[in-house]
Amino acid sequence: MSIEIKNLTFTYQEKTIFQRDALKNINLKIDDGEFVGILGASGSGKSTLMQHINGVIPSKNAVRVNGVSLGDKGVGSLDIAALVGLAFQYPEHQIFCDTVGEELAFGCHNLGFDEKKIHKLTYEYLNKVGLDESYLLRSPFELSGGEKRRVVLASIFAMDTPILLLDEPTVGLDIRGKRELTSVIKNLNSVEAKTILWVGHDLAEIITCVKRLIVLSQGEIVLDGKVEDVLKEEALLANCGITLPQKSSLVEDLEEKFNLSSKGAEGEAVLRFFINGFSKDGVK
């Protein structure tokens, strides 16, 4: 089991006038190698859930990752960080170092990687996210929003964790940048067998990548299943603040992203679902 969550409840500013229930009795299992989309309106609990899985917000024994929990004797935050990489929604909140090179190596140093491995991983993932070596000596604070996003993701990928939590990973990128980065993330799952949770609001983008969708609303899981099954619940999705994309633009996007000339089974199934239209009785 990659991630197992049992009866997770969390309240912000408990016992104050600002008290807010962020998560309510969450029960969830994510298997090794799964690629899961997490959807929900702002304030639904998506980011809070990710921070519990990564251990940024401690949860004792409610969250177990690869069988271990922060509640276990001798298990610390670094042990969880070695298993779960988290890219926050806002990259400027995750940048600490004076240069891009130092930023990319920061997490690797914390995990005790030797210099040879750090050099290999940082250069590899810097290139994979579309940045060249000229960035290594630049200040990350002077980069554009899209470049900051790439640097943060490269630094997380370089830590080589088996699980990746990506909160709005393509925000700030242009169309080409989004497609390039999406391809990298897909390969991390399909080739490197990483377990990936993609938190986002762009339904059309997410469903071309993931095999499973989880929808949160007001701190609770209201939908969890295969992409095609979740997308049938139009009324419930709308109530959760999630708008289904326009059929025509989505079909074009799916055709390109899935390269259907190769007849990929997953892409073909999702595309057929949208071409034939939504139906409460199933795919026509």
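The values are calculated or read from the model by the stated rules, or taken from the named source; none is laboratory data. In this text, all values refer to a predicted model and were calculated from it rather than measured experimentally. Here Cβ is always computed from backbone atoms with ideal geometry, including for glycine, and neighbour counts include all displayed protein chains. For the accessible areas, the whole protein counts, side chains as well, though only heavy atoms, and no ligand, DNA or RNA atoms are used. Shrake-Rupley method; radii C 1.70, N 1.55, O 1.52, S 1.80 Å.
General observations
- Projected label points at Glu234 and Ser139, each 7 Å from Cα along the beta carbon direction, are separated by 5.2 nanometres.
- Accessible area per residue (1.4 Å probe, heavy atoms of protein chains only) ranks Ile57, Ile26 as Ile57, Ile26, with the largest value leading.
- Remark on segment 49-150: Rg and Dmax equal 15.3, 44 Å (Cα only).
- Whole-number percent relative contact order across the chain, with pairs defined as alpha carbons under 8 Å at least 6 apart: 22
- 5 angstrom amide H check on Lys194, placed H, neighbours 5+ away: Asn189
- Counting protein heavy atoms only, segment 146-219 has 47 percent of its accessible area on carbon and sulfur, 1.4 angstrom probe.
- P(r) histogram, all alpha-carbon pairs of the chain included - 10 Å bins from 0, percent: 6, 27, 34, 24, 8, 1
- Backbone N within segment 36-62 under 18 Å of label point (7 Å from Asn27 Cα along the Cβ vector): 61-62
- Surface accessible to a 1.4 Å probe, per residue, for the residues of the chain, Å²: 49
- Sites matching trypsin sites (Lys or Arg not before Pro) across segment 29-86 that sit in DSSP coil, with at most 15 neighbouring C-beta atoms within 10 Å: Lys60, Lys73
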